[in-house]
Structures are given as C-alpha cells and as structure tokens.
Amino acid sequence: MTHFISLLLALSLLAPLAAQASAWKVDPERVDLGTHQQEKQARGSVTITNTGNRPLEITDVSADCSCTAAEPEKKLLAPGESTAINVAFETRQYNGELHRRVLVQTDAGEIVIPVLVRVSAYPDWLVTPSPLFLKPSSRLETAEASALVQSLAATPARIENVSATVPWLQATLEPDQGPAASTLHQPAASKPGSYTIKITKTTAAPAGYHAVKLQIATNDPRSPLLEIPLYVSVQSSIKVSPSPLVLPPVKIGEPAVLRGTLRGLPPDQPIALQVTAGSVVRDPEITASGECGFELTQRPEIVGTSTQLLRVIVGGQIELEVPLILRAQP
C-alpha cells in the first residue's frame, strides 16, 4: 500500500511537467524568405504562442550562421499570449537554395525554427545548385552533374543556349526540357521557365583543379547571359608506386637510390620525369599496358627528413606530382 501511495505521489509531481512538455506553438513551422539577389537583406517572421498553463520566458535567440539574425518582440508570454520572432538574412555572395536555423531558448526548452531562402546573382533567375561541383574523377573518365535553372519572372523567359568556357565540358538541356524552339521543345507538362541542364566532363579534360563557368544565354533583356561558377577536379590516370616515394636513409653526401614504376601511361604522347633536386632516369621502354620503370637518385645535404617532388610530364604539361621523401643521417 505504501508503494502504491508513493507511485501516485510521483505521478502527481510529474503531471505539471508533462503539461509543460509542449508549451508552445510555432506558426508557420518554417520561415520561407523567398528569392532574393545577392547583397540584399531578406526579412520574415514567425509567431510563437504560449500554449502552456504558466508563463513562458524567452531567454535567448540565436542562429547557426552570422548571416542570420532573429529578435523576439516580447520575451515573457502569459498563457495563451503570442509574440513575433523577426528574422533577417543577409544574402551576401551566396547562390542557390540555403537552409539556416533560428534557435530560441526558453525556460521550458529549446525551439528550433528552420529558415529557407533562395539567393541568385541575377534578377528573376534562380540556379540550383550554385556554384556547381563535379565529383572528382580521373582524366580518362567522364563525370556528370546537373543544374535546375528557373525563370522567376511573371512571364517566364527562355534559355536560348548553354555552353561551358572550356572545350572539354559539354553542357546540354535535358530531354523534355527547354525553350519552345525548333530544336528544343518544351512539353506542355513541364513547368514553364524551368530547365534542367546536364554538364558532362569528357575524357579530354586535363588533370588538375579547374574553376570554369557555365554560360547560359537567355532572351531576358535584363539578364541575357547567366554565368555560373563550375568547379572540376580531375585526377591523373597515371599512378606511381610506391607512393609516396620514400628513399632509404643514408649519410650526408651519400647517394640514396629508389626504383619505382609508372602505370597508366598514354601510348601516344611523350613522357618526361623531373625532380626538384637530384636526378631521375626513366627506362626507355613503355610496355603495351602503359607501364614503365624509373630510378631516383638523391644526395642529402642536411641531416633530417626533407621532401622533394617527382613531376610526371605528359605532352609538355605537368600531369602528376608525387611527394619524394629523403632521410639523411649524420
């Protein structure tokens, strides 16, 4: 009987806490700030209502990004009372669709309010995502990405042409999308002014990290040309083993020698090897599978560990750089 009375007492103490477990209502549940140009300020608000049976105190309001600020109009809400949380967002140089959070701390718990905003460098156009990134790929592989381009004007504008600023990138409008032109027909079922652009990196892309642009020609007199940053990471198809190249430890002035192998060499282009110090000699023959041996020789001048680079040059251009580690003893 004593245990039963204790249980009833515990439940009676927890009841007020349970009533306060959901002591507020947020309307709307997400702040949608719409679409804005760069270097502007977007504003919106939500309403928080105290649905509990005791006062609700807002103790702090913050955001997960310095670009976002929020402020409550009132901090102490009686039961049934409401207040607006005013939200401001700096678009800065952002592009595309962005998601942020406003964090409202109260004496009854934390309220998380999602914030959505779309930012464009051009009036009446939105490109998502922006900037564009192609996933890293090897030189002899293709890679693809896509972008959604939307005309936000009351009368949607058309895309006339798409291209990239380098010849090894192909940009095309996806099938069943595009302007109502003789070669690209937009079906009635697709959303007017909405286009999907497909970007393909061809096998002619050189190795390296490239910052290029996607160029979109439109019939919009305010924005006849949209230029969207596009970043492409191309890895060399040539592999060096061992990698990194670690030479055996030697005394100062003595030669350190290491044999290595190149794989994936193109059969139709001249190959050269360079080192930032010491010497490297490539075997004269390249196998049918694209393999070739080489020999490195280094003479350390200082005690300790130092790093050099082995450069693989294909067709007169640096294709690959591999660390070369030299260890010297007194």
Using the reciprocal of the averaged 1/r over all distinct C-alpha pairs, how large is the Kirkwood radius of the range 239-329 in Å?
13.5 Å
Taking the alpha-carbon distance from LYS191 and a cut-off under 14 Å, which aspartates and glutamates remain once sequence neighbours fewer than 8 residues away in the same chain are dropped?
GLU174, ASP176
Give a quick list of GluC sites (Glu not before Pro) in the range 43-99 that DSSP marks as loop, anything other than H, G, I, E or B, with at most 15 other Cβ atoms within 10 Å.
GLU73, GLU81
Under a plain spin-label model, where a point goes 7 Å from the Cα along Cα-to-Cβ, how far apart in nm are LYS135 and LEU76?
5.6 nm
Quick one: 3J(HN,Hα) in Hz for the range 151-160, Karplus 6.51/-1.76/1.60 with θ = phi - 60°, rounded, Gly and Pro as x.
8, 9, 5, 4, 9, x, 7, 10, 8, 8
Between the range 120-138 and the range 260-330, what is the C-alpha centre distance in whole Å?
38 Å
Likely footprinting exposure, PHE89, PHE294, fewest C-beta neighbours within 10 Å first
PHE294, PHE89
Using amide H atoms built in the peptide plane, which far-off residues or other-chain residues are under 5 Å from VAL102 H to H?
ILE113, VAL115
Starting from the Cα of LYS135, draw a straight line to each of the aspartates and glutamates and keep only those under 15 Å, dropping any in the same chain fewer than 8 residues away.
GLU144
Compute the FRET efficiency between ASP27 and SER62 as 1/(1 + (r/R0)^6), taking r as their Cβ-Cβ distance and R0 = 22 Å, and round to the nearest 0.05.
0.60
Work out how much length GLN329 to SER146 would gain on full extension: take 0.36 nm times their residue separation and subtract the Cα-Cα distance, in nm to one decimal.
60.5 nm
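Please give the per residue volume of the convex hull enclosing the alpha carbon atoms of the chain, rounded to a whole number of Å³. Mind showing how you got there, number by number?
Working: hull volume 100.8 nm³, N = 330.
Here the figure is 306 Å³ per residue.
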At 222 nm, what helix-only mean residue ellipticity would the chain give, in deg cm²/dmol to the nearest 500, using -39500 (n - 2.57) for each DSSP H run of four or more?
-2000 deg cm²/dmol
Under a point spin-label approximation (7 Å from Cα along Cα-to-Cβ), what is the ARG263-ARG222 distance to one decimal in nm?
5.6 nm
Of ILE197, ILE228, ILE271, the one that fluctuates the most in a GNM where the chain has Cα springs shorter than 10 Å
ILE271
Label point 7 Å beyond Cα of THR203 along Cβ direction - residues of the range 262-295 with amide nitrogen under 20 Å:
263-271, 287-292
Under a straight-distance cross-link criterion of Cα-Cα below 15 Å, which aspartates and glutamates are reachable from LYS239, leaving out those fewer than 8 residues away in the same chain?
GLU141, GLU291, GLU319, GLU321
Note, ³J(HN,Hα) from phi for the range 131-140, Karplus 6.51, -1.76, 1.60, rounded to Hz, x at Gly and Pro
x, 9, 10, 8, 5, x, 8, 7, 4, 8
Quick one: helix 2-19 against the long Cα principal axis of the chain, what's the angle to the nearest 10°, folded into 0 to 90?
80 degrees
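Bear in mind these aren't lab numbers, they're just calculated from the coordinates by the rules spelled out. In this text the structure is predicted, and so the values were computed from the model without any measurement. Positions of Cβ are generated from backbone atoms using ideal geometry, with glycine treated the same way; all protein chains shown enter the neighbour counts.
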